[in-house]
Amino acid sequence: MKWLLLILGLLAAVVALMALIGAFLPRAHRASRAAAFRQAPGALYAVVRDFAPATPWQSDLLRAERLPLRDGRVCFREVGRHRAIDYVVLADQPGERLVLKIADESLPFGGTWTYDFAPAPDGASVRITEDGEVKNAIFRFLARFVFGYTGSMDGRLRDLGSRFGETVVPRD
């Protein structure tokens with residue numbers, strides 16, 4: 001019984017320490033990743049902009065679906081293994097830029113994802129910039145020290161490459 005109490009006490013202390021450290025971390029962060037593709041910017045944009053494909057190109061999604069307009073803006077939902085997230089399109093410049101915002105304020109995180117598509121000598125580059133916010137102090141600790149801010153972006157860039165049969169290497 002003493003061992004169980006000791007283990008529970010240690011776990012509680014670790015969680016409290018994570019919360020304390022997380023409380024001192026900034027809620028907002030900015031992270032950015034890019035990759036080169038052998039495709040034209042417009043072809044890459046068309047895949048990213050297809051919000052309700054029959055088969056999502058992102059490996060972490062089960063499905064995507066269009067939602068009714070919100071204040072005249074395009075909205076969609078991505079349904080993943082862990083949760084569904086609603087997005088609203090803030091800016092849409094075909095073949096150049098797409099800005100998405102998490103529309104659900106009740107989530108423990110939020111922010112925007114900006115996709116920039118640019119021509120390159122052998123195709124195009126895509127840069128994803130996340131201007132994010134992590135509201136929960138423990139999640140801030142985990143995002144900063146365990147998961148990192150760029151893992152989701154790296155996955156999206158690799159998945160986009162796979163959609164075209166390419167292996168891409170995300171970079172800063």
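Just so it is clear, none of the values below were taken in a lab; they were calculated from the coordinates. Source: prediction; values computed, not measured. Cβ atoms come from the backbone with ideal geometry, glycine included; neighbour counts cover every protein chain shown.
Values computed for the structure shown
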quantity: Given charges at Cβ of Lys, Arg, Asp, Glu: region 2-163 dipole, positive-most of Phe141, Ala40, Pro68; calculated: Phe141
quantity: Electrostatic dipole magnitude of the chain [Cβ: Lys, Arg +1; Asp, Glu -1; Cα centre; debye, to 20]; calculated: 420 debye
quantity: P(r), alpha carbons of region 1-71 - 5 Å bins starting at zero, rounded %; calculated: 3, 10, 10, 10, 11, 10, 9, 11, 10, 7, 5, 2, 1
quantity: Extended-chain gain in nm, criterion 0.36 nm per residue less alpha-carbon gap, Val47 and Arg83; calculated: 10.8 nm
quantity: Mean separation of Cα contacts under 8 Å, 6 or more apart, over the residue count of the chain: relative contact order %; calculated: 29 percent
quantity: Net charge, Leu98 excluded, C-beta distance under 9 Å - Lys, Arg +1, Asp, Glu -1; calculated: -1
quantity: Gaussian network model of the chain, Cα within-10 Å springs - most flexible of Arg140, Arg127, Arg66; calculated: Arg66
quantity: Nearest-20 debye value, region 81-172 charge dipole, Cβ charges on Lys, Arg, Asp, Glu; calculated: 340 debye
quantity: Mean ellipticity per residue at 222 nm, deg cm²/dmol - from DSSP H runs of n ≥ 4 across the chain, formula -39500 (n - 2.57); calculated: -9500 deg cm²/dmol
quantity: Tilt relative to the chain, helix 2-24 - C-alpha long axis, 0 to 90 degrees, to 10; calculated: 50 degrees
quantity: Crossing angle, helix 151-163 versus the chain [Cα axis fit, 0-90 degrees, rounded to tens]; calculated: 30 degrees
quantity: Choice from Glu105, Glu130, Glu96 showing the highest fluctuation, given a GNM over the chain with Cα pairs closer than 10 Å; calculated: Glu105
quantity: Residue with peak Gaussian network fluctuation, the chain [Cα springs, cutoff 10 Å], from Leu67, Leu25, Leu11; calculated: Leu11
quantity: Summed side-chain charge close to Thr114 - residues other than Thr114 whose Cβ falls under 13 Å, Lys, Arg +1, Asp, Glu -1; calculated: +1
quantity: Long-range HN-HN contacts of Gly80 with modeled amide H, under 5 Å; calculated: Leu62, Ile85
quantity: Surface/4 estimate of mean projected area, convex hull on alpha-carbon atoms of region 32-163, nm²; calculated: 8.0 nm²
